[in-house]
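Beneath this line is the structure, given in structure tokens, with notes to follow.
The values are calculated or read from the model by the stated rules, or taken from the named source; none is laboratory data. In this text, all values refer to a predicted model and were calculated from it rather than measured experimentally. Positions of Cβ are backbone-derived with ideal geometry, glycine not excepted, and every protein chain shown enters the neighbour counts. All accessible areas refer to the heavy atoms of the entire protein, side chains included, with ligands and DNA or RNA removed. Shrake-Rupley method; radii C 1.70, N 1.55, O 1.52, S 1.80 Å.
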Amino acid sequence: MSTITEQAITPSVIDEAMDYQEYRQMIDELLEQDKTTGDNHSEAMIHYTKMNVQRMSRIDKQIELSDSLKKMLAEVDGPWIWLVLTEAWCGDAAQNVPAIAAMAEQSDNIELKLILRDQHLDIMDEHLTNGGRSIPKLICLDADTLEEFGSWGPRPEEAQEKAMEWKDDPDISKEEWAEKLHKWYAKDKTQQIQSEFKELISNWN
């Protein structure tokens, strides 16, 4: 683990981070003011955020974790902190953070903490994806030492491959590939992220 990461993720960062319910409440309160997280409060960003609230609410109600994943989560040796970099306007965050929250709830040894990417670029820049500040990004930490065990994000591997393929296709607009991506999430129903976390938990435990 690099010195920069050790300095960036401090006890105060963890103390000031939000749990999932606080994160959802913050987003609702911002929307009441016609705002979202970050500095861009354009109509488009507000629209994305409202869509994301609907996505998160749907996943919260419908998600079903597999029995094998529940068993693995119950056996986490911990204590761990799952620190997640996110933003309210991010569609991938809306599709994945609720699943991460559902998983964390299954273990007494996992504490989920959420921080906003643009307020913590020093941490984000230690966890780039292909050189980009892609979110959500989960960092698994030892709760006592803040040693980093590993990370995940911003998307399940299959979704990431498809997103990069669509993004690089000149015949597909940004809006079109975003729509394709959300259709992938709707069809997948969190199965890929659940499968990937089974492997991650096994490696981290």
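Considering only the stretch 126-148, how many residues are in a loop (DSSP other than H, G, I, E, B) and either closer than 13 Å to ILE115 by Cβ or among the charged types (D, E, K, R) (or both)?
Total meeting the criteria: 7.
Can you name the residue in the stretch 149-200 that is at pLDDT below 95 and not in a helix (DSSP H, G or I) and is also surrounded by the most Cβ atoms within 10 Å (Cβ to Cβ) among such residues?
For the stretch 149-200, the residue satisfying everything is ILE172.
State all residues of the stretch 105-134 that are within 16 Å of ALA17 (Cβ to Cβ), open to solvent by 40 Å² or more (accessible area, probe 1.4 Å) and of a type in the set (A, V, I, L, M, F, W, C); if no residue qualifies, say none.
Residue satisfying the conditions is LEU121 alone.
If you scan the stretch 59-90, which residues turn out to be open to solvent by 10 Å² or more (accessible area, probe 1.4 Å), part of a helix (DSSP H, G or I) and closer than 15 Å to ILE193 by Cβ?
Selection gives ILE59, ASP60, GLN62, SER68, LYS70, MET72.
Does THR49 meet the test of being touching an Asp or Glu at 6+ places or on another chain (Cβ under 6 Å), buried (at least 17 other Cβ atoms within 10 Å of the Cβ) and farther than 19 Å from TRP82 by Cα?
On the way: touching an Asp or Glu at 6+ places or on another chain (Cβ under 6 Å): no; buried (at least 17 other Cβ atoms within 10 Å of the Cβ): yes; farther than 19 Å from TRP82 by Cα: yes.
Criteria not met by THR49.
Taking the conditions exactly as written (hydrophobic (A, V, I, L, M, F, W, C), at pLDDT 95 or above and out of contact with any Leu (no Cβ under 7 Å at 6 or more places or on another chain)), does LEU83 satisfy them or not?
The answer is no for LEU83.
In contact (Cβ under 8 Å) with a residue 12 or more places away in the chain and under 24 Å from LEU65 (Cα atoms), is that true of TRP177?
No, not satisfied.
Would you say LYS137 is open to solvent by 20 Å² or more (accessible area, probe 1.4 Å) and of a type in the set (D, E, K, R)? Give the steps one after another, and end with the answer.
Working: open to solvent by 20 Å² or more (accessible area, probe 1.4 Å): no; of a type in the set (D, E, K, R): yes.
No: the conditions fail for LYS137.
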